[in-house]
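> The structure is given below, and queries will be raised subsequently.
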Amino acid sequence: MFKNYLKVALRNLLKNKVYSLINIAGLAIGMTATIMIGLWIHDELSYNDHFTNKETIAQIYQHESANGMVDTGPAIPRPLEFALRKDHADNFKHIVMSSWNQTRYLRYGEVNLNMEGNFMQEGALDMLGIEVVKGEKDGLKDKNVIMINESVAKALFKDEDPVGKILKVNNRFDLKVTAVYKDIPTNNNFNDVHFIIPWKFYTSSRSWVERAKTSWGNNSFQMFVQINENTTMDAVTAKIIDVKKNASPNEAEFNPQMFLFPMKDWHLRSEFENGVQTGGRIENVWLFGIIGIFVLLLACINFVNLSTARSEKRATEVGIRKSIGSSRGQLISQFLSESFLIVLLSFVLSIGLVLLFLNGFNDLASKTIVFPWSDVQFWLISFVFIMITSFLAGSYPALYLSSFNPVTVLKGTFKTGRYSALPRKILVVMQFTVSVALIIGTMTVIDQVDHAKNRPVGYVKEGLIQIPVMSTEFIGKEDSMRSQFIASGGATEMATTSSPTTNVWSNRSGYTWEGKPPGFQEDFAFTSVSYEFTDALGLKIIEGRGFSREFPSDSLAVILNKTAVDYMGIKDPIGKYIRDSDVDDPTPAPPLKIIGVIDDMIMQSPYSPVKQSMYAFDRNGNGNFYNIRLNPAQSIKENLNAIERTFKANFPNLPFSYQFVDEQYGRKFRSEERVANLSKVFTLLAIFISCLGLFGLASFVAEQRVKEIGVRKTLGASVGQLWMLLSKDFIKLVLISLIIGSPIAYYMMTQWLQKFAYRTDVSLVIFAIACSGALAITLITVSFQAIRSATTNPVDSLRTE
């Protein structure tokens with residue numbers, strides 16, 4: 001019986017090629033979008049699944065309060081480790097101290113690499129389940145050693161066995177390779193850890209880290225933990241929440257609260273606002289999940305619409321089948337089998353489209369998704385997906401067509417009724433409501449990104465490069481390198497900074513100043529800089545001046561940004577002093593004289609207010625970056641060649657590595673740009689699917705009214721009048737869609753924009769463009785078939801009469 005159903009279904013598909021093609025193409029495109037979105041969602045939800053202990057691993061975070069606001073982050077003080085090991089060790093299977101990811105020069109022989117890695121305690125290997133493929137599994141037990149991943153091993157050693165070989169790190173330290181571990185997958189928070197160096201080496205090679213052992217105010221470290229199986233995250237948090245407050249009365253004013261932030265939330269729910277977890281990338285997962293459902297729904301609507309629209313064409317077939325004994329159940333099975341065949345063919349086509357476009361999709365989404373050929377779960381979900389889609393897409397046509405009265409049909413008196421087209425009209429309105437909402441949403445996302453991109457950054461980022469300073473070979477050479485870079489003709493100025501231009505690596509408190517309100521809890525973004533800081537970056541000086549070699553006293557000077565002056569409540573700040581009152585520092589620093597105020601420069605998120613910042617003179621010459629202003633009189637290539645030659649002449653054993661500041665700044669928009677780009681693609685697909693359905697319906701209406709058109713044309717109707725006759729109903733439906741879709745889109749995008757402190761408004765221009773675009777698309781789609789029908793020779797349509 002089922003075989004017979006499929007045969008009849010196939011014959012019907014071949015008999016109505018245009019409508020079959022529209023149905024199959026529409027469903028295939030909808031399925032392709034849904035499968036890709038499903039793969040993307042799976043990749044997001046499976047983040048960190050590489051770790052078998054994912055449910056018991058956490059990172060220690062802390063809340064700190066200042067002036068009524070709560071700041072949350074993973075930076076913790078080093079003494080916390082000793083407090084937890086002493087008083088709470090029974091709650092943890094592993095406690096692992098860690099630095100932040102750091103880029104280091106790795107050299108073996110003539111091969112130099114610039115790689116990112118970490119300094120971690122040896123418990124990290126067991127906690128993270130890092131798989132060692134060569135060497136010692138306890139490869140971090142000694143001090144002067146290093147573990148590298150397979151990619152680094154291949155790049156440095158080619159076919160040699162790396163274990164036991166000596167690597168030169170930062171052209172200063174000789175570290176022995178004790179192990180090679182498997183590359184950590186890309187959908188993972190540790191995928192950038194290409195090497196691991198023992199924590200004990202980190203503490204012994206940096207005096208400030210050693211001093212931080214007793215400083216509860218120095219939040220410069222990370223800590224990862226794995227809890228024991230007999231406890232929970234909440235239970236452990238309850239025990240350690242006040243550890244810092246109890247151990248350090250000086251920090252109590254900030255009400256520090258330590259807590260466990262579980263690994264399962266790191267990727268998708270990492271955002272906090274005023275001490276409350278507010279979400280994160282999970283919002284994008286929900287967003288694209290909803291879009292995927294809607295795109296598939298649009299494709300199903302096309303099938304339902306075209307199937308019900310052609311019901312009169314199949315009324316006689318239904319009447320004959322019923323008259324010779326077919327039950328309604330058999331008819332429903334027949335129509336559902338047709339639906340199944342269309343969905344199955346669409347699914348096969350969609351698999352081909354997914355394979356064809358997957359690489360491009362990966363580039364767009366910044367993913368490395370592979371098609372899950374061997375994943376039984378995927379095929380099981382696909383089967384369920386096909387069955388549900390077949391039922392959803394075919395149930396209404398099946399129930400509708402099978403309900404016809406055979407006597408009425410065969411007598412030729414069958415009429416579909418004046419309201420028979422109402423369901424189709426409702427579905428068309430639904431289609432364009434979704435399409436219009438997607439258009440408005442996508443344009444709003446693009447507008448928000450452009451709004452932030454066009455925000456004044458406070459410095460001239462074009463023509464500015466950064467060279468990371470990662471070796472002791474750089475120490476004491478900044479003045480010499482500045483002179484040589486300028487003399488090479490490749491640069492006009494250079495300055496050093498402790499933080500990159502597009503980020504803040506240090507935040508400090510413990511400062512006092514004249515007029516500071518009692519109980520005021522200050523917090524500044526802190527960067528140490530060299531003399532030419534304002535000139536190299538092209539900063540706008542609002543008051544005072546920048547650092548100058550002509551004033552030796554500038555070694556004890558500070559520059560504030562505009563926000564810091566407002567934050568401190570200082571009037572006429574030039575010449576006033578800021579004092580460091582940090583009681584944890586055994587040698588209090590001398591007061592710093594305010595010599596200048598600069599316009600706010602965006603160093604952190606371009607979507608947030610600029611933080612109050614101070615820029616102090618770097619007395620120790622420990623800048624982490626060379627900021628070089630390229631010579632505008634030469635090409636970029638000429639400038640970089642000149643700078644590289646100068647660099648290599650001074651540091652022959654180090655790789656020349658640089659970053660364009662405008663590119664680094666541009667990376668801050670990547671997440672929102674990916675959302676915008678993916679939204680563009682899925683919006684275009686939704687519009688295309690809607691247009692396919694509209695084209696099919698317009699073709700059917702034109703075919704249904706072919707004799708009417710012939711009569712009207714014979715009686716003198718113009719092409720324009722006939723075009724309006726066939727188009728007006730569709731235009732009305734789209735106008736209704738605009739009325740429904742616009743307020744829905746406005747509400748949703750207004751809610752989305754709330755997460756940005758610096759944001760645009762939902763522009764009426766966007767609504768005007770979206771509405772005009774939807775109408776234009778409708779007219780173009782319908783007009784093709786309407787004009788074609790209106791220009792047909794009426795003799796052809798009336799010949800049978």
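The values are calculated or read from the model by the stated rules, or taken from the named source; none is laboratory data. All values derive from a computational prediction rather than experimental measurement. Reconstructed Cβ throughout: ideal geometry from the backbone, glycine too, with neighbour counts over all protein chains shown.
> Sort out which residues of the stretch 124-138 are in a loop (DSSP other than H, G, I, E, B) and within 25 Å of residue 227 (Cβ to Cβ), and write them in order of number. Steps first, please.
Taking the stretch 124-138 first, the residues in a loop (DSSP other than H, G, I, E, B) are 129-131, 136-138.
Within the stretch 124-138, 129, 130, 131, 137, 138 qualify.
Every residue, every condition in (1) without any contact (Cβ under 8 Å) to a residue 12 or more places away in the chain; (2) under 30 Å from residue 672 (Cβ atoms), yes or no:
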position: 514; (1), (2): no, no
position: 523; (1), (2): no, yes
position: 530; (1), (2): no, no
position: 548; (1), (2): no, no
position: 571; (1), (2): yes, no
position: 595; (1), (2): no, no
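> Which of the residues spanning the stretch 510-534 are touching a helix residue (DSSP H, G or I) at 6+ places or on another chain (Cβ under 8 Å) and within 13 Å of residue 613 (Cβ to Cβ)?
522, 524 - these are the residues of the stretch 510-534 that are touching a helix residue (DSSP H, G or I) at 6+ places or on another chain (Cβ under 8 Å) and within 13 Å of residue 613 (Cβ to Cβ).
> Kindly evaluate residue 690 against the criterion of being closer than 30 Å to residue 429 by Cβ, assigned to a helix (DSSP H, G or I), among the small types (Gly, Ala, Ser) and under 16 Å from the mean Cα position of the chain (by Cα).
no
> With respect to residue 477, determine if the residue is farther than 30 Å from residue 764 by Cα and in contact with a Ser or Thr (Cβ under 8 Å, 6 or more places away or on another chain).
no
> I need the full set of residues from the stretch 739-774 which are surrounded by fewer than 18 Cβ atoms within 10 Å (Cβ to Cβ) and within 19 Å of residue 689 (Cα to Cα), in order please.
Within the stretch 739-774, 772, 773 meet the criteria.
> Pairs needed: first member in the stretch 754-780, in contact (Cβ under 8 Å) with a residue 24 or more places away in the chain; second member anywhere, outside any helix (DSSP H, G or I) and of a type in the set (D, E, K, R); C-beta distance under 9 Å; at least 6 residues apart or different chains.
Every condition considered, the pairs that remain are 755/271; 755/273; 758/455.
> In the stretch 28-55, how many are among the hydroxyl-bearing types (Ser, Thr, Tyr) and buried (at least 23 other Cβ atoms within 10 Å of the Cβ)?
2
Yes/no matrix, rows are residues, columns are (1) in a loop (DSSP other than H, G, I, E, B); (2) of a type in the set (Asp, Glu); (3) modelled with pLDDT of 90 or more:
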residue: 559; (1), (2), (3): no, no, yes
residue: 563; (1), (2), (3): no, no, yes
residue: 573; (1), (2), (3): yes, no, yes
residue: 583; (1), (2), (3): yes, no, no
residue: 593; (1), (2), (3): no, no, yes
residue: 601; (1), (2), (3): yes, no, yes
residue: 610; (1), (2), (3): yes, no, yes
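> Looking at the stretch 776-801 only, could you name the residues that are within 46 Å of the chain's Cα centre (by Cα) and modelled with pLDDT under 85?
777, 778, 779, 780, 781, 782, 783, 784, 785, 786, 787, 788
Here is a yes/no grid of residues against (1) modelled with pLDDT of 90 or more; (2) in a strand (DSSP E or B); (3) surrounded by 15 or more Cβ atoms within 10 Å (Cβ to Cβ):
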{"site": "451", "(1), (2), (3)": "no, no, yes"}
{"site": "476", "(1), (2), (3)": "no, no, no"}
{"site": "486", "(1), (2), (3)": "yes, no, yes"}
{"site": "500", "(1), (2), (3)": "yes, no, yes"}
{"site": "517", "(1), (2), (3)": "no, no, no"}
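> Among what's in the stretch 209-244 and is surrounded by fewer than 19 Cβ atoms within 10 Å (Cβ to Cβ) and of a type in the set (Lys, Arg), pick the residue that is nearest to residue 123 (Cα to Cα).
The residue in question is 213.
> Going residue by residue through the stretch 633-646, is there one that turns out to be at pLDDT 85 or above, surrounded by 18 or more Cβ atoms within 10 Å (Cβ to Cβ) and part of a loop (DSSP other than H, G, I, E, B)?
Looking for residues that are at pLDDT 85 or above, surrounded by 18 or more Cβ atoms within 10 Å (Cβ to Cβ) and part of a loop (DSSP other than H, G, I, E, B), one finds none in the stretch 633-646, hence no.
> Is it true that residue 84 is in contact with a Lys or Arg (Cβ under 8 Å, 6 or more places away or on another chain) and buried (at least 20 other Cβ atoms within 10 Å of the Cβ)?
Considered against the rule, which asks whether it is in contact with a Lys or Arg (Cβ under 8 Å, 6 or more places away or on another chain) and buried (at least 20 other Cβ atoms within 10 Å of the Cβ), residue 84 comes out as no.
> State yes or no: is residue 213 in contact (Cβ under 8 Å) with a residue 60 or more places away in the chain, in contact with a Pro (Cβ under 8 Å, 6 or more places away or on another chain) and part of a helix (DSSP H, G or I)?
So residue 213 passes the test.
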